[in-house]
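Colleague: Provided herewith is a single structure, encoded as structure tokens, for subsequent inquiry.
The values are calculated or read from the model by the stated rules, or taken from the named source; none is laboratory data. These numbers were taken from a predicted model, which means no experiment stands behind them. With ideal geometry, Cβ positions are generated from the backbone for all residues, glycine too; neighbour counts draw on all protein chains shown.
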């Protein structure tokens, strides 16, 4: 059995999310939650929320045992970029790209 949770349009750049996802890939659910809780990265807060959602989906929708569950798959894709302008000297304008992420988290049970 597999349980999935998705978070779309998260206002964190995909490169920053990928660093944290590499830490929790193939880890048991409780260990992954502890890693997210004590890692000082901006991406940890939305990932912690997403992991809780995946755990709830696993327990309620798929009747999975969370004690035997692990993070089977975690993926981040780039969402749309918010384009903003920063005024500069002599009437110029610099572009600021605020990137967004689509994050997918899949939990599975160990056999």
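Colleague: In region 43-57, is there at least one residue being modelled with pLDDT under 95, outside any helix (DSSP H, G or I) and either over 13 Å from the mean Cα position of the chain (by Cα) or under 15 Å from residue 5 (Cα atoms) (or both)?
Modeller: Scanning region 43-57, I find no residue that is modelled with pLDDT under 95, outside any helix (DSSP H, G or I) and either over 13 Å from the mean Cα position of the chain (by Cα) or under 15 Å from residue 5 (Cα atoms) (or both), so the answer is no.
Colleague: Something else: Do we find that residue 99 is under 16 Å from the mean Cα position of the chain (by Cα), modelled with pLDDT of 95 or more and farther than 25 Å from residue 2 by Cα in this structure? It would help to see each step written out before you state the result.
Modeller: Details: under 16 Å from the mean Cα position of the chain (by Cα): yes; modelled with pLDDT of 95 or more: yes; farther than 25 Å from residue 2 by Cα: yes.
Yes: the conditions hold for residue 99.
Colleague: Okay, next question. Taking region 13-40 as the search range and keeping residues that are part of a loop (DSSP other than H, G, I, E, B) and touching a residue at least 40 places away in the same chain (Cβ under 8 Å), which one is farthest from residue 76 (Cα to Cα)?
Modeller: Per the stated criteria, the residue is 27.
Colleague: Scanning for something farther than 23 Å from residue 11 by Cβ, surrounded by 16 or more Cβ atoms within 10 Å (Cβ to Cβ) and touching a helix residue (DSSP H, G or I) at 6+ places or on another chain (Cβ under 8 Å), does region 28-48 turn up at least one residue?
Modeller: Yes, the conditions are met somewhere in region 28-48.
Colleague: A further question on this structure: If a residue must be assigned to a strand (DSSP E or B) and either free of Cβ contacts under 8 Å to residues at least 24 places away in the same chain or in contact with a strand residue (DSSP E or B) (Cβ under 6 Å, 6 or more places away or on another chain) (or both), how many such residues does region 73-111 contain? Break it down stepwise before answering.
Modeller: Filtering region 73-111 down to residues assigned to a strand (DSSP E or B) leaves 73-78, 82-87, 93-98, 101-109.
Narrowing further to those that are either free of Cβ contacts under 8 Å to residues at least 24 places away in the same chain or in contact with a strand residue (DSSP E or B) (Cβ under 6 Å, 6 or more places away or on another chain) (or both): 73-77, 82-87, 93-98, 101-109.
Count: 26.
Colleague: Okay, next question. Limited to region 62-72, what total is found for residues that are surrounded by 13 or more Cβ atoms within 10 Å (Cβ to Cβ) and without any contact (Cβ under 8 Å) to a residue 40 or more places away in the chain? I'd like the intermediate steps shown before the answer.
Modeller: Taking region 62-72 first, the residues surrounded by 13 or more Cβ atoms within 10 Å (Cβ to Cβ) are 62, 64, 66, 69-72.
After this cut, where a residue has to be without any contact (Cβ under 8 Å) to a residue 40 or more places away in the chain as well, the list is 66.
Total satisfying the criteria: 1.
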